[in-house]
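All remarks here apply to the structure that follows.
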């Protein structure tokens with residue numbers, strides 16, 4: 001172990017504070033802007049948390065004769081409940097929760113259109129934000145949770161159901177743990193940490209876009225095939241509400 005008075009010792013203290021920030025801290029000298037509302041994607045350093053799935057029985061949709069009889073307000077509340085608990089949530093996962101709650105076994109075209117219509121209306125009202133096949137509160141895209149997907153329902157546990165922002169986090173934290181590592185090691189360790197044990201070619205394809213975003217935003221850099229933290233890895237800077 002390095003002596004506490006050495007430069008390496010100071011770096012170790014700084015690293016420890018970054019990884020385990022004090023929740024009640026009132027200053028931001030070590031992490032400029034940490035107390036400001038997020039303006040762009042930022043890594044989080046909280047411990048892993050179990051994936052929390054909504055209990056469909058608690059969505060209150062099972063008292064109607066059919067899905068089409070569910071009042072608009074009730075459907076909106078159910079959608080937002082799923083998003084608040086599981087967001088960013090893939091459309092297929094959201095639809096599965098809603099259909100299970102309503103006692104419906106098949107996602108037909110009319111039901112799909114109704115769910116999409118409600119998502120569009122909620123997005124127009126500013127209640128949520130849709131990105132490709134995902135829906136979430138905008139803050140959930142910018143400050144993703146570090147979740148253990150082995151705790152998710154079986155039908156939910158697919159890498160395609162994990163949003164890019166969450167994949168960016170697992171890749172970033174893999175680099176942080178290694179300090180520097182090759183791409184395959186980062187990909188393998190990143191998805192393994194959140195509960196996906198095999199780095200297949202399809203998994204590599206899924207991980208390339210979020211990894212590219214980390215490079216483009218200077219959260220990570222690559223030198224001689226080795227990934228390491230980039231110049232913006234520990235900084236909050238103003239920007240648009242986009243990953």
The lone exception for residue 39 - which of (1) at pLDDT below 95; (2) crowded, with 21+ Cβ neighbours inside 10 Å it fails = (2)
Members of the range 53-92 found to be closer than 18 Å to residue 146 by Cα and out of contact with any strand residue (DSSP E or B) (no Cβ under 8 Å at 6 or more places or on another chain), listed by number = 53, 54, 84, 85, 86
Apart from one, (1) surrounded by 18 or more Cβ atoms within 10 Å (Cβ to Cβ); (2) touching a helix residue (DSSP H, G or I) at 6+ places or on another chain (Cβ under 7 Å); (3) assigned to a helix (DSSP H, G or I); (4) in contact (Cβ under 8 Å) with a residue 24 or more places away in the chain all hold for residue 196; the odd one out is (3)
Of all residues in the range 50-79, count the ones that are surrounded by fewer than 19 Cβ atoms within 10 Å (Cβ to Cβ) and part of a helix (DSSP H, G or I).
-> 9
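The values are calculated or read from the model by the stated rules, or taken from the named source; none is laboratory data. Source: prediction; values computed, not measured. Quick reminder, even Gly has a Cβ in these numbers, built from the backbone with ideal geometry, and neighbours come from all protein chains shown.
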